[in-house]
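Can you read through this structure? Questions will come right after.
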Amino acid sequence: RAAPEHAEEMRGFAEAAVERLPGYRLQHGNQVAELRPEGADKGDAIAALAGEPPFRGRTPVFVGDDLTDEHGFEVVNERGGTSVLVGDRQPSSARYRLADTAAVHAWLRQGAGA
């Protein structure tokens, strides 16, 4: 994201890489390309982690800024957690929004002091 002038080069790299990774797929987002296992997404990862110590029995909190985070928001919501979208992308399953990463940092500092 910090080097948008290299977007096409990185897209080509990701497309070539996924061809050499059986069982993986390429998922594009906002100035990002993710290589992820077929049939798995951020929601699946959150659900798996939620069943493991030290996360078992805790309320999940998930902050994301990309379309690729939507599955994570959905799983967190199903578990009664806090889902936070960074930015103003519409629509989103996130229940809360923060304007930018500076707002996320301020929110985290506020919670850390509680």
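The values are calculated or read from the model by the stated rules, or taken from the named source; none is laboratory data. Given the structure is predicted, the values throughout are model-derived calculations rather than measurements. Please note: Cβ atoms are built from the backbone with ideal geometry, for glycine as well, and neighbour counts cover all protein chains shown. Quick note on the areas: whole protein, heavy atoms, side chains included, nothing else; ligands and nucleic acids left out. Shrake-Rupley method; radii C 1.70, N 1.55, O 1.52, S 1.80 Å.
Where both residues lie in the chain, what percent of DSSP beta bridges are antiparallel, nearest 5?
Beta bridges within the chain, antiparallel portion: roughly 45 percent.
Another question, then. Taking a ≥ b ≥ c as the square roots of the eigenvalues of the Cα gyration tensor of region 42-112, is the shape rounded (a/c under 1.5), prolate (a/b larger than b/c) or oblate?
Taking the square roots of the gyration eigenvalues as a ≥ b ≥ c, region 42-112 is oblate.
Given a Förster distance of 22 Å, report the FRET efficiency between VAL18 and LEU49 from their Cβ-Cβ distance, rounded to the nearest 0.05.
Efficiency, from the Cβ-Cβ distance: 0.35.
Between ARG95 and ARG25, take the C-beta separation as r, use R0 = 25 Å, and let me know the FRET efficiency to the nearest 0.05.
0.35
Then there's this: What order do PHE73, PHE55 take when sorted by accessible area (1.4 Å probe), most exposed first?
PHE55, PHE73
With a 1.4 Å probe and all protein chains left in place, how much of the accessible area of the chain comes from carbon and sulfur atoms, in whole percent?
On the chain, the fraction of accessible area on carbon and sulfur atoms equals 55 percent.
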